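Chemist: Structure in structure tokens, see below.
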Amino acid sequence: MSAAEEQGWAILKPSQQLVLSTPVEQQDSLAAERNILWGNKMTHGSSSVSPLIPTKQSLVYPIDKMMAGETDSEMKTLPEHDINIDNYRNLVRTYIDLHLYSAAQFWADKVVSLSNGEPRDVYWLAQCMYHMKQYHRAAHIIRSRGLEKVIIKLRLITAILKPTLLVEWSKTHMLCFYLAVRSLLAAWELNEALQVLNENEANTTLHSTVGLESSVLFLKGRVFESLENRGIAADYYKQALRTDVHCYEAFEALVQHQMLSASEENELLESLPISEQCSGSERQLLHLLYQSKLKKYHAPCEDPSTLPLPLSQLSSNLDLAVSQAERAYYNCNYQLCGDITDAVLKKDPYHYECLPVHIGCLGELRKESKLFYLAHKMVDLGPDMAISWFAVGVYYYVIGRSDPARRFLGKATTMDKLFGPAWLAYGHSFAAENEHDQAMAAYFKSSQLMKGSVIPVLCHP
């Protein structure tokens, strides 16, 4: 090790160092295994090894530098060139926070080269690519280095890594694994995403945090749902929610995608370990918020506007207001529903959870002018969203023009194959012209997507 290199390691504080004693004769084999583990390349006998590969009998490792995102301006990865890579790592994080992803990717690419491909730096480069919607590139840069593989050799663990260092490295590989699967899912490479998940099935819980473990389970559910295997997807969503009761996306997928009946939703809510993972008033808060999202048609309320709100601070919360509007809609109290959704959209014109019930309410009230204005506004703002074309289709259905209604509702179902209300309205557009076979097919599809709803069944002509 050069004098500059020794000086670079010497600046570490004692709490940041881990000293390992390794016989000199074992160094070559251990270095080779480390390079396989970390994804670095090295020539046997060459001095151009990874900065993390020991080159002398007494080894010093920085413990708290292995987790992706943690930096210390005092540490220099390449002290022999007098380059503080941590400054550039901080620069990458700063540009990501500012949403300047091109600049972040530019510097992240250089950091990967300067650090000889450290996993944490590869992770942040892939993160930049993901933000720039370069999903295939993001997955490739991780998989080409084998960083999505969470499996670690037992001998390498016991021979080299102390527990603290192992935890940090395993977290980095878990993040790489998670990002690789998410990138493949976004790129619609579903079979490859499933393959990566299966390869790491037994190792995804190794030193992972509760939030990361539940996120991986949620991601598995997303993959299986995209493959139209909704039964297995629902099981993974439930596992994710039980692992972390705050994993709202898993709860949302089960409820919004109508994967459970009303009784099954209530059973799930009661079976969640809320009392174990929450304390005091947090239990009441979480139970209230989740209960407000459950199905409402099976338990109509005489006065939705007086729904109990034990926590007064939430009395003005828009999500709970939307919940009241949905209950009014299922009570066929369309006027009250419309008043509530109008108030919500006045405060937040882009509250997308409110839009489906608002559009349905306008359709029931036959408010053609409001539908026309809303549909045009949504198409202008979000032409790539299924709900925008759903609004257009509902407008044409209300004014009695079935052909354009079918065309735009069909476009909505093509853009989002899991959008149950669009399939339901699609069936209505066929039924209006007495085209019963097509209507039956659309209603059947909506009944598959809206498992807990009786509406598609009642609509069968």
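What follows draws every value from the coordinates through simple rules; no lab data is involved. Keep in mind that what you see is a predicted model, and the values were worked out from it rather than measured. No Cβ is skipped: glycine too gets one built from the backbone with ideal geometry, and neighbour counts run over all protein chains shown.
Chemist: Note the count of lysine pairs whose C-alpha atoms are less than 21 angstrom apart in region 315-461, limited to pairs 8 or more residues apart or on different chains.
Modeler: Final tally of qualifying lysine pairs is 11.
Chemist: How long is the gain from residue 201 to residue 93 if the chain were fully straight, where each residue apart is worth 0.36 nm and the alpha carbon distance is subtracted?
Modeler: Here the segment from residue 201 to residue 93 would lengthen by 35.8 nm.
Chemist: Further question on the same structure: Let's test the formula: R0 of 30 Å, r as the Cβ-Cβ distance of residue 401 and residue 262. What FRET efficiency results, to the nearest 0.05?
Modeler: 0.30
Chemist: Between residue 109 and residue 332, what FRET efficiency follows from the Cβ-Cβ distance if R0 is 51 Å, with the result rounded to 0.05?
Modeler: 0.30
Chemist: Could I ask something else about it? How many nm is it between the label spots at residue 416 and residue 313, if each spot is 7 Å from the Cα in line with the beta carbon?
Modeler: Roughly 3.1 nm, to one decimal.
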